[in-house]
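Quick notes on the structure that follows.
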Amino acid sequence: MDRAARAGLLKGREVRRGLLVTNNVEVRSANGKLTFHGLASSTSIRNGKLGDESSTVVRDNGYDMGWYTERIMAGSFSKTLSENPDVQFLLNHTGLPLARTTNQTLTLRETDDGLEYDATTDSDDPDAQTVARKINQGLMDQCSFAFRVTRQNWDEDYTQREIAEVDLNRGDVSVVNYGANPRTSVVMRSLLSDIGELAETELVELRADPNVMGAVR
């Protein structure tokens, strides 16, 4: 399968961790509330258009996706945030919500660093207490977010992908044990229909990824 075809598989819900950020989750306690603060995604800035010879990356928070590099560009969140998306604050992308944008307990904003959040919970919420303890003990210190890409750019060789706009509606921001493997962003329907075309080396890589194999099962 060529790179263009593989790029076509990147559809639907994707998950990325807050990359290149150290200690990016903190807990504040005041007035009977627990507030979780963090950076769900760092962003990059490019001077010019991807593919132009004179174009340069001013701030590079790109990361390796295995067969291509990816950057989430500054401004990617502005449109979706203006539309008041329904986003939940979760633990490991599952379970009952700890906070939610629809009742203003979760607030999101795009800053110079990227996508920041504040999630406010009642201090007597046992689920929030558990998460806060794990963070304060240093057992959990990463976050992740789920989204859909609505605008993107690829270079001619499909070795670089720059995400220019995302949709956060019905997505989530999560405190996670480990940031989701960025390579695991495959739509299962597309994967299953095209798996016969994968090279043996690609199949070996998929078999070694517990996230992919768990989804297949």
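Which chymotrypsin sites (Phe, Trp or Tyr not before Pro) does segment 126-173 hold that lie in a coil by DSSP with at most 13 other beta carbons within 10 Å? Sites meeting the loop and neighbour criteria: none at all. The portion of the accessible surface of segment 11-169 made up by carbon and sulfur, rounded to a whole percent, is 42 (1.4 Å probe; DNA, RNA and ligands excluded).
In segment 37-95, which trypsin sites (Lys or Arg not before Pro) are in a loop and have at most 11 other Cβ atoms within 10 Å, using DSSP for the loop call? Qualifying residues, ordered by number: Lys49. When the chymotrypsin sites (Phe, Trp or Tyr not before Pro) in segment 38-97 are filtered for DSSP coil states and for at most 15 other beta-carbon atoms within 10 Å of their beta-carbon, the remaining sites are Trp67. Normalised per residue, the accessible area of segment 30-175 is 49 Å², obtained with a 1.4 Å probe and no contribution from ligands, DNA or RNA.
Quick check: from the Cα gyration tensor, does segment 1-113 come out rounded (a/c under 1.5), prolate or oblate? In terms of gyration-tensor shape, prolate.
The values are calculated or read from the model by the stated rules, or taken from the named source; none is laboratory data. Not measured: the values here are computed from a predicted model. A quick note on method: Cβ atoms are made from the backbone with ideal geometry, for glycine too, and the neighbour counts reach across all protein chains shown. For accessibility, only protein heavy atoms count, side chains too; no ligands or nucleic acids. Shrake-Rupley method; radii C 1.70, N 1.55, O 1.52, S 1.80 Å.
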